[in-house]
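Read-outs throughout are calculated quantities, based only on the coordinates presented, and are distinct from any laboratory measurement. Since this is a predicted model, take the numbers as computed values, not measurements. Ideal geometry is used to build each Cβ from the backbone, glycine not excepted, and the neighbour counts take in all protein chains shown.
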Amino acid sequence: MIVRPLVIAAILIASAGTAIAADSTKRLGKFGEWEAFSYAEGKSTTCYLAATAGKVTGGEKGKPTTTYLIVTHRPGAKSSDEVSINGVYGFKKDSSVELQVGAMKHSLFTKGDRAWAADSKADKAIIASLQKGREAILHASPAKGADIAAAFPLSGFSDALAAADKACNIKR
């Protein structure tokens, strides 16, 4: 699936609640199915990488099921490797999302159309799985419709992460 960088940038910036012009977003590159970006946020730089699920099943009939897997670094807020999922369909209230990479299963909590890992330790475990895996499978309950299953190819993930790390001065 071809990823449209400006569309992703606009969605991610809007969903993060940051008032930033889309033209301030710098594309760091496309790496397999992943793209990496950075933008100035105050006196700091925010970096992120994102992929769109290549295959999505379920959801409300006739409604969008676009799903993004995102990793964000905000060094100015002393935050890195924040894993989130954006499902434009919204998640069922008080539900959790399962992200499976190989044999590893990770649980993320939901609010509205976003899902996050419980803490930075869980984020790091997800990142480690994504770096080693070939595909990440999401299982979620949308606000309406049948349960969602979404597949994210991981080709290019490690290179996109390295580009975001470099742009935001994240040391591994």
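The table that follows gives values for the structure above.
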| item | result |
| --- | --- |
| Residue order, fewest to most beta carbons within 10 Å, for Ile85, Ile170, Ile70 | Ile170, Ile70, Ile85 |
| Neighbour-limited loop hits for trypsin sites (Lys or Arg not before Pro), segment 34-123 (at most 13 other Cβ within 10 Å; DSSP other than H, G, I, E, B) | Lys43, Lys61, Lys78, Lys93 |
| Under 27 Å from Lys92, Cα to Cα: lysines that are on another chain or at least 8 residues apart | Lys55, Lys61, Lys63, Lys105, Lys111, Lys121, Lys124, Lys144 |
| GNM result for the chain, Cα springs below 10 Å: residue of Ser38, Ser158, Ser120 fluctuating most strongly | Ser120 |
| Per-residue Cβ neighbour rank within 10 angstrom, fewest leading, Leu138, Leu130 | Leu138, Leu130 |
| Read-out Rg and Dmax of the Cα atoms in Å, derived from the coordinates shown; its label in [x] 19.5, 63; [y] 14.9, 44; [z] 22.0, 86 | [y] |
